[in-house]
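The values are calculated or read from the model by the stated rules, or taken from the named source; none is laboratory data. Quantities reported herein were computed from a predicted structural model and do not represent experimental measurements. All Cβ positions, glycine included, derive from the backbone under ideal geometry; neighbour counts span all protein chains shown.
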Amino acid sequence: QYEKVDTKLIAERLQVREKDVLEMQKRLSAKDVYLDAPIVHDSASGQTIHDTLSDKRQLPIDTRLAKLQMVSIFSDHIEEFAQGLEERDHIILRERILAEEPVTLQELGNKFRVSRERVRQLEDKILQKFREFLLEKGFLDEETLEDIVAKQSNKQSNKPTRQRKKQPTQKSSSKTCNKTP
């Protein structure tokens, strides 16, 4: 039905090139292609057009699902673990360890009226308790846990640290008194 249309007239009316109109006619008259259709109808492989279009940089669906399941299980264990923490430790866990953008040690130190070093020690204690909790529940074995800790240590050492703002120092007057004995 599209072949009967005068392409030159359409091109003039739409203010496009006649070549563009011809190309669009080809597209509109072409057979529909379904992504879930098999590439070869007689093939037993079952490979679809979608399979050939997938992004090779993206993880396979089974790997992504496994990661989602792992996150779900991990979240359940975190909740169970957090129930056994004191309020201060729970805040450190939520605002520092699990947070997308963790607060600084100084901010938590100010909140609890302790030093940054003490907050860091508490954070280490919470992480150690969590490791023990995961081992006790059988969620991780020692070797896997050691790998995770090593990766986390490398990540922490490569993380840029926040620079502390220097407090302006007051200049003392340079008047000197020459006292002679």
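Quick one: LEU68 ticks every box in (1) modelled with pLDDT of 90 or more; (2) part of a helix (DSSP H, G or I) bar one, so which box is it?
Failing condition for LEU68: (1).
Within region 1-33, how many residues are modelled with pLDDT of 90 or more, aliphatic (A, V, I, L, M) and in a loop (DSSP other than H, G, I, E, B)?
Final tally of qualifying residues: 1.
For residues that are of a type in the set (A, V, I, L, M, F, W, C) and in contact (Cβ under 8 Å) with a residue 24 or more places away in the chain, scanning just region 80-115, find the one that is farthest from GLU136 (Cα to Cα).
Residues of region 80-115 of a type in the set (A, V, I, L, M, F, W, C): 81-82, 85, 91-93, 97-99, 103, 105, 108, 112, 114.
Filter once more, so that each one left must be in contact (Cβ under 8 Å) with a residue 24 or more places away in the chain: 81, 85, 92-93, 97, 112.
Values: PHE81: 11, LEU85: 16, ILE92: 22, LEU93: 19, ILE97: 21, PHE112: 30 Å.
Among those residues, the one meeting the criterion is PHE112.
Restrict the check to region 128-138 and report whether at least one residue is part of a loop (DSSP other than H, G, I, E, B), under 23 Å from THR104 (Cα atoms) and either at pLDDT 85 or above or in contact with an Asp or Glu (Cβ under 6 Å, 6 or more places away or on another chain) (or both). I'd like the intermediate steps shown before the answer.
Initially, region 128-138 is screened for residues part of a loop (DSSP other than H, G, I, E, B), giving 138.
Those still in the list that are under 23 Å from THR104 (Cα atoms) too: none.
The answer is no; no qualifying residue exists.
Report yes if ASP36 is of a type in the set (D, E, K, R), part of a loop (DSSP other than H, G, I, E, B) and either loosely packed, with under 11 Cβ neighbours inside 10 Å or modelled with pLDDT of 80 or more (or both), otherwise no.
Details: of a type in the set (D, E, K, R): yes; part of a loop (DSSP other than H, G, I, E, B): yes; either loosely packed, with under 11 Cβ neighbours inside 10 Å or modelled with pLDDT of 80 or more (or both): yes.
Yes, satisfied.
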